[in-house]
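Visitor: There's a structure below that I have some questions on.
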Amino acid sequence: MIYYFSGTGNSKWIAEEMARRTEDECKSLSGEKTLRSIEDEVLGLVFPIYAWGVPEVVLDFIKTIQGKPSYTYAIATCGEEAGYAMKSLQKKLPLDACYTVVMPNNYVVGSNLEPEDSIRKKITKAKEDLFHMADEVKNRRKVVKVEEGTFPLLKSTLIHFGFNLAARTTKPFYVTDACISCGQCARDCPAEAIEMREGKPVYVKNKCYMCTSCINKCPVEAIQYGKGTEKRGRYQFRDLTL
Ligand SMILES: Cc1cc2nc3c(=O)[nH]c(=O)nc-3n(C[C@H](O)[C@H](O)[C@H](O)COP(=O)(O)O)c2cc1C
């Protein structure tokens, strides 16, 4: 079974493609809290990199796994680089194979949307990666193909710590008059941080995973985060190479 976490669809697409290519099944790990025993079967994990680290929701999920899978692999999607995220994951979950796949950056809270050309190039390269990863997983190979980038130790320790401490606050989120009360943001929030009150989304928790699902998937771009997102585009996975 392949478990995935995904805010804007990149990791979901990779998980679905891996499932199709390795004749496996995939499932979202959001909300999975009960202990599960995985014995003698393949365990795959697909998730995005957050600030050169593994999202807290994924680390919580790992705690629910018991037993000894026959083969375990993890794929992290990232805009550019993962630092030592996979090394830190390996300490908590022994991995036979681990990969990073560079995908479009969805962090519109902190940076501009990538141009379509760059998105297309990344998806084209990701399809090549999928071809190799599926082959290696099917043949139970021991592989490490990780884009760690520059200064990985600094980024995956200090900066990742700072992100978890200070950058996951929901305070800067606000909803504009464009809101059509569809409830998509609340339904999809993996942190259950949004409630619909009198037809409008309200952030009821101080902290979330910062997955950007609410802001990127709002059909009318009514959700903003501080001033920065007002003039930025929005991202969610679409296969632009088709
Ligand atoms: C809060 C946050 C932090 C991120 N940090 C990194 C990072 O450290 N390195 C990187 O290359 N990409 C980073 N990204 C980009 C995502 O990892 C990338 O776009 C990922 O494919 C999104 O996956 P998803 O669509 O499944 O949510 C970050 C995105 C978010 C939302």
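The values are calculated or read from the model by the stated rules, or taken from the named source; none is laboratory data. Since the structure is predicted, the reported quantities are computational estimates derived from the model, not experimental observations. For neighbour counting, all protein chains shown are included, and Cβ atoms are generated from backbone atoms with ideal geometry for every residue, glycine included. With ligands, DNA and RNA removed, areas are computed over all heavy atoms of the protein, side chains included. Shrake-Rupley method; radii C 1.70, N 1.55, O 1.52, S 1.80 Å.
Visitor: Let me know the charge dipole size of the chain about its Cα centre in debye, to the nearest 20, where only the beta-carbon of Lys, Arg (+1) and Asp, Glu (-1) is charged.
Guide: 480 debye
Visitor: Quantify, in whole percent, the carbon and sulfur part of the accessible surface of the chain (1.4 Å probe; protein heavy atoms only). Provide the component values of the computation, followed by the final result.
Guide: Numbers: 6430 of 12310 Å².
About 52 percent, which is the carbon plus sulfur part of the accessible surface.
Visitor: Using Cα atoms only, what is the angle between the long axis of helix 116-138 and the major principal axis of the chain, expressed in degrees (0 to 90) to the nearest 10?
Guide: Result, in degrees: 30.
Visitor: Lys/Arg Cβ at +1, Asp/Glu Cβ at -1, dipole of the chain taken about the Cα centre: which of F237, A178, S11 is farthest positive-ward?
Guide: Checked the options; the winner is A178.
Visitor: Quick one: dipole size for segment 169-225, taken about the Cα centre, charges +1 on Lys/Arg Cβ and -1 on Asp/Glu Cβ, in debye to the nearest 20.
Guide: Numbers: 7 positive and 6 negative charges, 36 e Å.
Using Cβ point charges on Lys, Arg, Asp and Glu, segment 169-225 gives about 180 debye.
Visitor: Follow-up. Can you tell which of C211, C189, T169 lies farthest toward the positive end of the dipole of segment 169-225, using +1 and -1 charges on the Cβ of basic and acidic side chains (Lys, Arg; Asp, Glu)?
Guide: T169
Visitor: Could you pull the accessible area for E221 with a 1.4 Å probe, rounded to 10 Å²?
Guide: Surface open to solvent at E221 totals about 90 Å².
Visitor: Give the share of C-alpha pairs in each 10 angstrom bin for the chain, from 0 to the last occupied bin, in whole percents, shortest bins first.
Guide: 7, 31, 36, 20, 5, 0
Visitor: Angle check, please: helix 10-22 long axis (alpha carbons) against the longest principal axis of the chain (alpha carbons), in degrees 0 to 90, nearest 10.
Guide: Between the helix axis and the principal axis of the chain, the angle is about 30 degrees.
Visitor: OK, next. Among N112, M86, L154, pick out the residue whose Cα is farthest towards the positive end of the charge dipole of the chain, where Lys and Arg carry +1 and Asp and Glu carry -1 on C-beta, about the Cα centre.
Guide: Among N112, M86, L154, the one farthest towards the positive end of the dipole of the chain is L154.
Visitor: Here's a follow-up. Looking only at E80, E32, E16, which one moves most when the chain is put into a Gaussian network model with springs between Cα atoms under 10 Å?
Guide: Largest GNM mean-square fluctuation: E32.
Visitor: At 1.4 Å probe size, what's the solvent-accessible area of V175? Round to the nearest 10 Å².
Guide: In the full protein context, V175 sits at about 50 Å².
Visitor: Would you please give the FRET efficiency between K121 and Q236, computed as 1/(1 + (r/R0)^6) with r the Cβ-Cβ distance and R0 = 22 Å, to the nearest 0.05?
Guide: 0.75
Visitor: What FRET efficiency would be calculated for the residue pair I62, C179, taking the C-beta separation as r and a Förster radius of 30 Å, to the nearest 0.05?
Guide: 0.25
Visitor: Ok, one more. Return the loop-located trypsin sites (Lys or Arg not before Pro) in segment 5-71 (DSSP other than H, G, I, E, B) with at most 12 other Cβ atoms within 10 Å of their own Cβ; answer none if there are none.
Guide: Hits after loop and neighbour filter: K33, K63.
Visitor: Let me check something: with ligands and nucleic acids excluded, how do W52, W13 order by accessible area (1.4 Å probe), largest to smallest?
Guide: So, going from the largest accessible area down, we get W52, W13.
Visitor: Keeping all protein chains in place, calculate the accessible area per residue for segment 48-111 (probe 1.4 angstrom), answer in Å². Mind dumping the intermediate values first?
Guide: Details: 2320 Å² over 64 residues.
Accessible surface, normalised per residue, equals 36 Å².
Visitor: Apply the Karplus curve 6.51 cos²θ - 1.76 cosθ + 1.60, θ = phi - 60°, to the phi angles in segment 71-82 and return the couplings in whole Hz, x for Gly and Pro.
Guide: Karplus-based 3J(HN,Hα) across segment 71-82 equals 7, 10, 9, 9, 10, 9, 8, 8, x, 8, 8, 10 Hz.
Visitor: Roll a 1.4 Å probe over the protein heavy atoms and report the accessible area of F173 in Å², nearest 10.
Guide: Surface accessible to solvent at F173 totals approximately 20 Å².
Visitor: Each label point is 7 Å from the Cα along the Cα-to-Cβ direction; what then is the distance between the points at R141 and V204, in nm?
Guide: In this crude spin-label approximation the distance works out to 4.8 nm.
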